[in-house]
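Single-structure report; data block below.
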Amino acid sequence: DTVKSVKQKVIALHSPPDWANTALLAEKDSTEYFDNRKRLAQCGVADGAVLKFTYARNLTLMEKVELNVQGTDTGNFQLPPMSISTLPPKVAAY
């Protein structure tokens, strides 16, 4: 079986939560997730091995920025070039 086919079988049995946009498969107690295109044997998985299936979410750049502002570590990421004004905001006249 391929990693992708195993994931599809699990997803068919256990629907993903609304927030999830990806699924991960690894050996139990590992954070080295398998490549979807590989066969389990190519990942070093032997018969009887215990695997870990996890739903996850790939964050958008803005989601990462918002989480970082709130104090959550999302690792390093590159921000696109932007300009930031240090002038006080303009107040609209009524």
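Count the net charge of all other residues whose Cβ sits under 12 Å from the Cβ of Pro16, scoring Lys and Arg as +1 and Asp and Glu as -1. Present the calculation step by step, with values, prior to reporting the outcome.
Values: positive: Lys7, Arg57; negative: Asp18.
Counting the neighbours of Pro16, the net charge comes to +1.
Provide Thr31, Thr74 in ascending order of the number of other Cβ atoms located within 10 Å of each residue's Cβ, fewest first. All intermediate terms of the calculation are to be shown ahead of the outcome.
Working: Thr31 9, Thr74 12.
Final ranking by Cβ density, sparse to dense: Thr31, Thr74.
When the chain is fully extended, how far beyond the present Cα-Cα distance does Ser30 get from Val65, taking 0.36 nm per residue of separation?
Numbers: separation 35, 0.36 × 35 = 12.60 nm, distance 2.71 nm.
Full-extension gain reported as 9.9 nm.
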Hey, can you grab everything whose amide H is under 5 Å from the amide H of Glu27? Only 5+ residues off in sequence or another chain; H modelled, so Pro and N-termini drop out.
Lys52
Candidates for semi-axes √(5λ) of the Cα gyration tensor in Å are (1) 40, 16, 13; (2) 42, 15, 11; (3) 20, 15, 12, and the calculated one carries label (2)
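Can you tell me the order of 40-47, 2-9 when each peptide is scored by its average per-residue count of other Cβ atoms within 10 angstrom, highest first? Intermediate values should be presented prior to the final figure.
Values: 40-47: 12.8, 2-9: 16.0.
Order by mean packing, descending: 2-9, 40-47.
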Could you give the length gained on full extension between Lys38 and Leu87, defined as 0.36 nm per residue of separation minus the Cα-Cα distance, in nm?
12.3 nm
Using modelled amide H (1.01 Å from N, peptide plane; none on Pro or chain starts), what sits under 5 Å from the amide H of Thr22, excluding residues fewer than 5 places away?
Ala56, Asn58
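Read-outs throughout are calculated quantities, based only on the coordinates presented, and are distinct from any laboratory measurement. What you see is a predicted model; the values in this text were computed from it and never measured. FYI the Cβ positions are ideal-geometry reconstructions off the backbone, even for glycines, and counts take in every protein chain you see.
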